[in-house]
Each structure stands twice: as structure tokens, then as C-alpha cells.
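The values are calculated or read from the model by the stated rules, or taken from the named source; none is laboratory data. Given the structure is predicted, the values throughout are model-derived calculations rather than measurements. Ideal geometry is used to build each Cβ from the backbone, glycine not excepted, and the neighbour counts take in all protein chains shown.
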């Protein structure tokens, strides 16, 4: 299999048609064993034929007929956007998310809706109402979550690219477990209009792919200011693909000592090798400290429980068929319950608002750590994926996110994104920046 | 697992999480972006005819006049 | 028995598009659920658009009309969570106060904020229409300083006037919604919702006082609860028992950055602020020395008050006031229109009164022209000319008409001569109709009297 860059050339040169490309994936999806794709876009072939016409006329967009798998919490008009929950099993999206509009504008083709942890609440890919997702890269192991189907569709060759959402690690974690590339963009960079909420102040749509180039390309398509939402960064002229060079001369890369303490020895040794490679590419390694790292996980979870509680109030049974509490899985119920409890007037000071105060502390600490360096590099998850079906406690499940919840809570700079793509050069897919 | 069991477990999770937190006295951070006054001008209305069709189709109950149907108010019974 | 009443008034702000989306705000004249989108129906994944600036500016202006202090720290737009069929997201977006500590007619205004209107829910049929969902509202909360239904009614009437003065609320009217809380000495506070008019508020309070007094005289306690006003029956009925305050679990909406009202904005709006109606009324009495009753009526509509001031620059103030109070108001009421929409220009009133005062037309003609203005919408001078209504000043012509009238009505002449003086008025009327109102009735009377009394001699 060539790179996606090469495939794009073949598509534009007419060596393969978009229709063939889509048909090829549709065939694979029909026989897939990963439970990665829940619904197929029945109009994908028709859309591909339209793209082929545009290719012939020389006016096809950046994605020229590439197949994109979409996480089931991103609205695609007419397709089941179920959040992998019984709650929304009957909901066909009534509108296109902004990112879908942008993908269509560049002639990407939504191939289908990817399976996921129910309402994006999970780090293992096991909580979908439609059954667990299998890891194409590690048989018998969890694929990670919550964008499990998006990651598995890339690793399993079911689509060219995928989009997912990341709140506290939901793209990076399954990308890491499935051995592919995934990025959570800076908060506010990608429009969230049409992304079904987990926690509004953390959620961000991002991209997954087999290589850095294509992941960057798709991000380039979906990123950028939108005047149709109130929380959006005013950045223009986003160009990631042209900045992917192996030269790291002059870059200061931080590694966090506290990460090492929390992480499995086997992962640490891989990370060490990667850091050495970064150094060989010209980067300067700098040790940084995040003394309050252990507060990040509770801060993150307590905040997201409340936002999730709020976000799920619309599933009151009056529309969409079911009341969420009546049909959802245990993890959803647990989060709604805690969120409802700690947002009460009486308790919010003790839990929710306290967490928001720690959020200030952690933000400050991370900004401080980033002051003199360009980026922080480290492991994505602290442990290797457990066996599918293995019972682990909620808190153990949450701790998968201990290394990824942190980054989203800070206002990191857009330019960091460019650098983070360089990791492809290191050929180490268990690596986060 | 019963609702009660989940509630119990949730309380345990909550206690453990808040135990790790400890004490701090800082202002609360609600937003990642520090923007204020993100407003829009009152423009010409948009009409989404297709949305209406899809929304009505996607709702559990509607009537022939195009109303969504919810429960009847208990106090008028 | 001491009665304490507080009011929460919701009024729709006039905008083209809704508070958080670009759907049209018209919901009355369209099919159910036609002006809706994913945002105002709270579809999964929908985020609010940035708030409508015009709506927020209107709320600031309204707050300033009540002399409120504007909050200058960032104001969060919060999510108020509760479950109700008209609320598509399970929460209502409502701002923290944008202003505090105002007053109107000596009643404290606690705070003013803006929020989104829910959809329309009919509890009888269970039907829900989201056309109204997301229409901007301003909410005004008074201190519990009202002590009778009459006082509450007065206050609401004045408040309505103030809101109309700003021109920032919906013109068609009937969009006001009131929640009121009322407690009688020794009883718990009862909240009444679902009131849609000033009259409704008055009736609901009357009913509630009777109900609570009845309970108390029978030795039963008044429960703290929320009741709904059933307009068709003019009664209130318990909605749900409120043992303790409902917990709305307010959180700042993470999808909406806070609003910070700047000094420049406040100063700008202060400069374009209309004078409040009750202040205008007082000024008119002092400045123009017109009757208090006239001032009150003239100040009831901003455009009418402005017209008066323009007319009073040319025409003696009390004459202008009386004319507006009697004639203009009669025509507005007859046609059921506001002055603003009547087509009556202040210049028309000046022209008309000038013609009348200079004797070019009779009072009767002036009144007739006035009546035609809303329909014809053109200069009174032209109307008079087109209809040849200029007063007849040709003495011979008038005398001839008088002569004819006397001849035609010998009975009336006889009556007059036998002492029934009012019989002559009848003949004046005949002359006026012969001259199609163009003769000066005073002169006609003079001529008739002279002629009849001449016969007598």
C-alpha cells in the first residue's frame, strides 16, 4: 500500500477513479471483523461519481475522492449519528456538522459512521451499545477509546482517513493503541458545530490517518475560524502539509519527569528511544516538571462530569425515542449521576467549582513549563492496552487518560501543531506531543 | 448492575477523585479561550426548509399539523 | 392584612433573527415549526451561534430606562437546567444580571437580564411549537414592593409604556409574560406563572388573595408552591409543590463566552435614550403649563408626545394639547391604531389648526379632515381644497341660505318665537347642512337671530 500522498496523485491523474476507491472500501467494510463501522453511507458511490466528474474537469478539491470514516458523534445529514448509544439509535442527523461541510467542499467522501465508546465516555472501545471494537493492530487487546472505530478503520484499512473527537485523549489513545497517527488539535481550532457533546470546554474534533501527511491534510481541511459558533479561534491560512520537514534544528523539546513515574517501564524504554531520535534530528531536550500532574485527572473528570450532565439533558425521552438514563450503559449513568450531584448548589463549591480552581492551577503550571520550550513530548497512555473484556475498575479506566487530559486544559499555541506532526519521522506510534 | 449499585460506585469514584484534589484558593477557569463579547449582528433570517422536514421525521411523535407532541400537563387534567 | 407582591416581567425584544441562531423571530403568522433549525430545537451536537448584538444592546437600553447600574464585569450566559416540554435542550440559556438597582414609580428594579424564549407548549394537547424557541427576551425583576393588585396593574401599565418608548420590544404587543410572587402576612410565598397580560396579572393576584385569605380564615396554612394562572377561568392552579427551591444547577454555558459591557457602550446608549414617560409627563405640565390629564394621555405614546412638542412650537400649547387629547386620540381609538402608524404627521396638525384658527375652515370641517387623515394620508390643506371645504365668507350667500332655511321651517321659527330658544339651533343645523358645513355657525346664528327678531319687531 502506497502512501496517501501517492493515492491522491493517482486519483487526480485518473489512474484510479474515486468510484473504484470507494467501492474498494465498501467491499472491505462489508466483510470487516473489527466492528469499526456501524453504518455505511448509501450515497457514497453516487458522491464518488460526482467527484470523478470534477476530477475530469480539473476542479476537484484537496481530498479528491478519499474515503473518510466519521465518528458516530459527528452529524452527517441523513446518516445515523447514534453516539453508539441506544439513546440515539433512531436519530438520523438533521444537518451536517461544519467539519462535514468542509470535507464535502474539498471532495472528501464520508464512507460511513464509525463505532465508538458510548457518548465518547470510555478509553477502551468496549462500551458501545453495538458491541466492542476490535484492535486490528493487536489481536485480543482493546483498541483504546473513545474514537475506537475511527482508529480501527484506519488500522484495518477500511477508510483512507477518519475523524474523531478528543476530550481527554479520545483520539490519541486509540491512535496509540492501534498504531496509527491521531491528533487532538488545539481547542477552538476546529469548529465543533455538529459534534455531539461530551464536555464542551474540552471537546475537539481531530483527524486520524496512516501517516502524518494525510492526517495533516485532513486537519487543514477542517480547521479554521467559523463565525457560526462563539468559541472559535481566529486563525487563517492554515497550512500544515507544506511544513512537514525532518529538520528539528533549534527546537527545544521538553520531557516531563512525572510522566515517567506514572508510566509502564516497557513504554518508558520506547519513549527514551524516541527522544534520542529527536535529539539526533537536531532538537535540544529539556527536562520540565509538572508537580501537580496528579491533580489533572480528578480536575478533568470532575469538570467533564458536570458538562456531560448538562449536555445530556436534551435526551429527556420527549424526542429521539428514549430517556438517556433508561437505556444507557453503566459508565454513562455513573457520569450523569456524579455530574448531577456535584453541580447542585449545595455541593458545587466542594467538587465542581473546586475542580475549576485546580484547572487554573494546572493551566498556569503547564504554560509555565512551556514558556522556554517549543513542545512537550511524552507517552500517550501510561500502560499497554488490556485484554478485551478484562474487568477493570472505573478509576483504572480513567487513569488511561492521565497523560492526555493535561494538554487540553491549556491554551497552547497553534504553531505547536506543526511540530507535532514531525513525530511521524520517528516511527514511534506510542508517542504524544 | 442496578441503579443503586451504580450510585454507590459513583460516590466512591467521587470521593477518590476529590481526595486527590486537596485544597487550593484560585479563581475558577470555565473557558479555555479568554474571549469576551463574541457577538453577531442581527442579519437577514435564514430559512432551513430541509431541516424542518428532517427534524419532523426524526422526532418520535408529531401530529398532522406539524406540532411535536409531548405529554399533557398534569395540572390541566 | 399586609400583602407583598413582586413581579418578574418577560418581554420579547424586536430583532429579525433569534438570540443564538439565524432563524426568523416571526412565529405567529407562520406554520408550526417552520422557523426552526438545529440550534433552536437543540438537536444533538448543535452549538449556539454568537449572541445577537441587537438584543443585548436593547436589554442595556431598557435597563438604563429604569436608571439601573450596568454591570461592567464579564456577564456569564448560564444554563438553567430544568425539564419541560418547551425546552429543547433541557436547559434555558439565561444571562446573569446585566444591570441592577433601578426603579420605576418608586418601585425597586432588582435586576435586568436577557435570555432565550422557550418554545410554545400547550399543556392541554401536549403540542409543542419551536418557532418561538430562541426569540430574545428581556427579564425585569422587581423588588417585592407592591402591595395590591391595583398597584401591580398600575406598575405594569407604566412599564409597558416605558418599553414601548424604547422601541426595542416587539411592536405588535401581547407578548408580555409575567411571573408574580405574592405573600400575605403570615403565609408562605406563592409564585404564579403563565400570566400573559396586565389584566391577567391583576386577575391572578385578585384570585390568589381571595384563595389565600380563605385558607387562612379556615385555619389552614398557605403552602409555598408554584401555581399556574388558567386564563380561561381566571383562577390559579397548583403546578408543583415547592418544598425547597428547585435546583437549576446553573453553569456558565461553555459554548458562550461572557459579555462585557464597556463604558463606551453605556455612554453611547445613554445618549440616544428617550426620556421616560412619567418624567416627560411631569415636564409637559411644568414647561407647557398644560392640564395634568392631557399630559398623561399625550405622554402615553412616544411619537404622540413628540408630535405634541412639535405642534406646541407653533400652536398655543393648551390648544394643541386639548386637540390631541380629544380629537387625535378619538381617531386613534376609533381606528384601533397607534399614532406612529396613523399617518397623521405633526405638520398636518399644525396646518389644520392654523386653518381653523385663521377662520379659513370651521371647527366642524377641521374635525372632519382630522378623521380622514389616517385614510388619505395627505396634507389637510389639499384635502380642504379638493373638497371645496373652505369656509364661506360671502355674507350674501350665507344670508340667502339662512333665508331659505327660515322659509322651509316655519314651525321651528314659531317655536323659537314662543320661547323655545333651542329651536333656533335646529335651523342653524339646517343652514350648516345647506352650506355643507362651510359657514361659520356663530355667524349663522347671529344672522338668524337678527332676521327672526326683525320679523318680531
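Can you pull out the residues in the range A:301-330 that are crowded, with 21+ Cβ neighbours inside 10 Å, part of a helix (DSSP H, G or I) and away from chain C (no Cβ under 14 Å)?
Within the range A:301-330, just A:301 meets the criteria.
Okay, residues lined up against (1) over 26 Å from residue C:22 (Cα atoms); (2) under 25 Å from the mean Cα position of the chain (by Cα); (3) touching a residue at least 40 places away in the same chain (Cβ under 8 Å); (4) assigned to a strand (DSSP E or B):
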| residue | (1), (2), (3), (4) |
| --- | --- |
| B:12 | yes, no, no, no |
| B:17 | yes, yes, no, no |
| B:28 | yes, yes, no, no |
| B:35 | no, yes, no, no |
| B:47 | no, yes, no, no |
| B:53 | no, yes, no, no |
| B:60 | no, yes, no, no |
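Filtering the range A:341-354 down to residues that are buried (at least 22 other Cβ atoms within 10 Å of the Cβ) and closer than 25 Å to residue B:5 by Cβ, which residue is nearest to the other protein chains (Cβ to nearest Cβ)?
Going residue by residue through the range A:341-354, those that are buried (at least 22 other Cβ atoms within 10 Å of the Cβ) are A:342-343, A:351-352, A:354.
After this cut, where a residue has to be closer than 25 Å to residue B:5 by Cβ as well, the list is A:342-343, A:351-352.
Numbers: A:342: 7, A:343: 4, A:351: 6, A:352: 8 Å.
Selected residue: A:343.
Among residues belonging to the range A:228-244 that are farther than 30 Å from residue C:49 by Cα and touching a residue at least 40 places away in the same chain (Cβ under 8 Å), point out the one that is surrounded by the most Cβ atoms within 10 Å (Cβ to Cβ).
In the first step, residues of the range A:228-244 are kept if they are farther than 30 Å from residue C:49 by Cα; the result is A:241-244.
When the remaining residues are screened for being touching a residue at least 40 places away in the same chain (Cβ under 8 Å), the result is A:243-244.
Details: A:243: 13, A:244: 15.
Checked the range A:228-244; the qualifying residue surrounded by the most Cβ atoms within 10 Å (Cβ to Cβ) is A:244.
Is it true that residue A:70 is closer than 23 Å to residue B:55 by Cβ, within 14 Å of another protein chain (Cβ to nearest Cβ), in contact (Cβ under 8 Å) with a residue 40 or more places away in the chain and assigned to a strand (DSSP E or B)?
Values: closer than 23 Å to residue B:55 by Cβ: yes; within 14 Å of another protein chain (Cβ to nearest Cβ): yes; in contact (Cβ under 8 Å) with a residue 40 or more places away in the chain: yes; assigned to a strand (DSSP E or B): yes.
Answer is yes for this residue.
Taking the range A:196-218, which residues are under 21 Å from residue A:159 (Cβ atoms), under 12 Å from the mean Cα position of the chain (by Cα) and surrounded by 24 or more Cβ atoms within 10 Å (Cβ to Cβ)?
Filtering the range A:196-218 for residues under 21 Å from residue A:159 (Cβ atoms) gives A:196, A:204-218.
Filter once more, keeping what is under 12 Å from the mean Cα position of the chain (by Cα): A:204-209, A:215.
Hits for the range A:196-218 are A:205, A:206, A:207, A:208, A:209, A:215.
So, of the residues in the range C:77-87 that are more than 32 Å from the chain's Cα centre (by Cα) and in a loop (DSSP other than H, G, I, E, B), which turns out to be farthest from the other protein chains (Cβ to nearest Cβ)?
Our first condition is that a residue be more than 32 Å from the chain's Cα centre (by Cα); within the range C:77-87, this holds for C:79, C:81-83.
Still in the running and in a loop (DSSP other than H, G, I, E, B): C:82-83.
Working: C:82: 9, C:83: 5 Å.
That would be C:82.
Can you pull out every residue in the range A:135-171 that is under 14 Å from residue A:385 (Cα atoms), in contact with a helix residue (DSSP H, G or I) (Cβ under 8 Å, 6 or more places away or on another chain) and surrounded by fewer than 24 Cβ atoms within 10 Å (Cβ to Cβ)?
A:136, A:137, A:138, A:141
Any chance the range C:260-269 includes a residue that's touching a helix residue (DSSP H, G or I) at 6+ places or on another chain (Cβ under 8 Å) and over 28 Å from residue C:49 (Cβ atoms)? Step through it out loud before you land on a result.
Our first condition is that a residue be touching a helix residue (DSSP H, G or I) at 6+ places or on another chain (Cβ under 8 Å); within the range C:260-269, this holds for C:261, C:265-266, C:269.
Pick out the ones that are also over 28 Å from residue C:49 (Cβ atoms) and you get none.
No, the range C:260-269 has no match at all.
Out of all the residues in the range C:17-43, which are within 7 Å of another protein chain (Cβ to nearest Cβ), more than 19 Å from residue A:229 (Cα to Cα) and out of contact with any strand residue (DSSP E or B) (no Cβ under 8 Å at 6 or more places or on another chain)?
Answer for the range C:17-43, where residues must be within 7 Å of another protein chain (Cβ to nearest Cβ), more than 19 Å from residue A:229 (Cα to Cα) and out of contact with any strand residue (DSSP E or B) (no Cβ under 8 Å at 6 or more places or on another chain): C:31, C:34.
Does the range C:270-288 hold any residues that are crowded, with 20+ Cβ neighbours inside 10 Å and at pLDDT 95 or above, and which are they?
Selection gives C:284 alone.
Going by the conditions given, is residue C:134 modelled with pLDDT of 95 or more, in a loop (DSSP other than H, G, I, E, B) and in contact with a strand residue (DSSP E or B) (Cβ under 7 Å, 6 or more places away or on another chain)?
Values: modelled with pLDDT of 95 or more: yes; in a loop (DSSP other than H, G, I, E, B): yes; in contact with a strand residue (DSSP E or B) (Cβ under 7 Å, 6 or more places away or on another chain): yes.
Criteria met by residue C:134.
Would you confirm whether or not the range C:65-72 contains a residue that is within 7 Å of another protein chain (Cβ to nearest Cβ), on the phi < 0 side of the Ramachandran plot and surrounded by fewer than 21 Cβ atoms within 10 Å (Cβ to Cβ)?
Here is the first cut: in the range C:65-72, the residues within 7 Å of another protein chain (Cβ to nearest Cβ) are none.
Taking every residue of the range C:65-72 in turn, none turns out to be within 7 Å of another protein chain (Cβ to nearest Cβ), on the phi < 0 side of the Ramachandran plot and surrounded by fewer than 21 Cβ atoms within 10 Å (Cβ to Cβ).
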